1. Which ranges mark the helices (runs of 4 or more DSSP H) fully within region 179-298 that have 1 or more residues being within 31 Å of the chain's Cα centre (by Cα)?
2. For region 115-137: of the residues being open to solvent by 30 Å² or more (accessible area, probe 1.4 Å) and at pLDDT 70 or above, which is farthest from Val284 (Cα to Cα)?
3. On the basis of being basic (Lys, Arg) and either open to solvent by less than 40 Å² (accessible area, probe 1.4 Å) or under 19 Å from Lys116 (Cα atoms) (or both), does Lys73 make the cut?
4. Go through region 24-39 and report how many residues are modelled with pLDDT of 90 or more and in contact with a helix residue (DSSP H, G or I) (Cβ under 6 Å, 6 or more places away or on another chain).
5. Filter region 179-210 for residues that are over 27 Å from Thr276 (Cα atoms) and polar (S, T, N, Q); which is surrounded by the most Cβ atoms within 10 Å (Cβ to Cβ)?
6. Within region 246-300, restricting attention to residues that are of a type in the set (Ser, Thr, Tyr) and in contact (Cβ under 8 Å) with a residue 40 or more places away in the chain, which residue is most open to solvent (accessible area, probe 1.4 Å)?
7. Taking interchain pairs and intrachain pairs at least six residues apart, which have beta carbon atoms under 7 angstrom, with the first residue in region 208-235 and under 28 Å from Gln153 (Cβ atoms) and the second basic (Lys, Arg) and at pLDDT 75 or above?
8. Report yes if some residue within region 138-147 is outside any helix (DSSP H, G or I), open to solvent by 40 Å² or more (accessible area, probe 1.4 Å), more than 30 Å from Asp100 (Cα to Cα) and modelled with pLDDT of 85 or more; otherwise report no.
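The values are calculated or read from the model by the stated rules, or taken from the named source; none is laboratory data. Every value quoted in this text rests on a predicted model; they were computed, and no experiment measured them. As a convention, Cβ positions derive from the backbone with ideal geometry for all residues, glycine included, and neighbour counts pool all protein chains shown. For accessibility, only protein heavy atoms count, side chains too; no ligands or nucleic acids. Shrake-Rupley method; radii C 1.70, N 1.55, O 1.52, S 1.80 Å.
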Amino acid sequence: MTKQIKVLMVDDEKRFRDTTKKILMKKGFETILAGSGEEALEKINQNPDVVILDIKMPGIDGHEALAKIKKLKPDLPVIMLTGHGDKPSAREALVEGAFDYLSKPCDIDHLAEKIKEACQQTNKLSGHEERWVTSVMIPITEYSTINERKTIQDAINELKKSFVTKMATTQLMETGHRSILVRDADKEIKGILTIRDLLETLMPDYLSAPKPSLADSVEFSPMFWKGMFNKGIQNVKDKCISDFMSPSPVSIDGRSNLMEAAYLMIQTNERRLLVTLSDKTVGVIREQDLFFEMEKILNS
């Protein structure tokens, strides 16, 4: 006998949640009701399989309730409900860990299918199936950024901060970013400055110029290199970041599979990708994030 799916329906509109409960029950779902975020947190101990959560509610709103639910039950799928004009807020919920979002009023058949999909994904994840890019990325709010008018010294000082071990989403950023996103005055991402870019700024022009016949033997002598590193960084420290940054990384949709992210990194020779949802940049996925996921799969 197939286990009945238990749904926790959270909405402050009594008529909506009562009507939805009746229809869901007719479709075979066991349904628990909550009229607020606070009440939803109290009813989590009834072990629902899926939560349907309205974004706009008095008291604890959907975003805050989602964060608290994910803290209590990280693997519990949450489907967000949003009113007209609230889609940007709903997309943010995906980054915060929601399974999906639907606009109110929603088609009940569509909602039922989403509930089933959420349960199926939860069951598959228990076997560690590949996850979406948004589930392992670093949110854009956690990634180091800097204005394009800042100097190389500013960039070095800011980038160093990312090497402090801290928690981001569900993983530790053990290795730092090794890069910093460069924004313009309108906060749009214009490029990226990597440690490789910083090393290239130190190179004097004559190192890439045509060499005389005896240049190779001179170049690799101890005297040739002496003092060049210190002098190089002093020469460039006040120069503008925009003169040395690389183009913005290639983008990938946040709902993509991790294998797609790995393939894109290999094909484009990128170590990191910008993650987008509806053309909005929401995060960065790095090669080390995929590595950490590989390790989790092998040791789970």
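1. Per the criteria, 195-201, 258-268.
2. Step by step, filter region 115-137, then rank; the result is Lys116.
3. Yes, satisfied.
4. Residues that pass the stated criteria total 5.
5. Thr201
6. Of everything passing the filter in region 246-300, Ser300 is most open to solvent (accessible area, probe 1.4 Å).
7. Going by the 7 Å Cβ cut-off, there are no qualifying pairs.
8. yes
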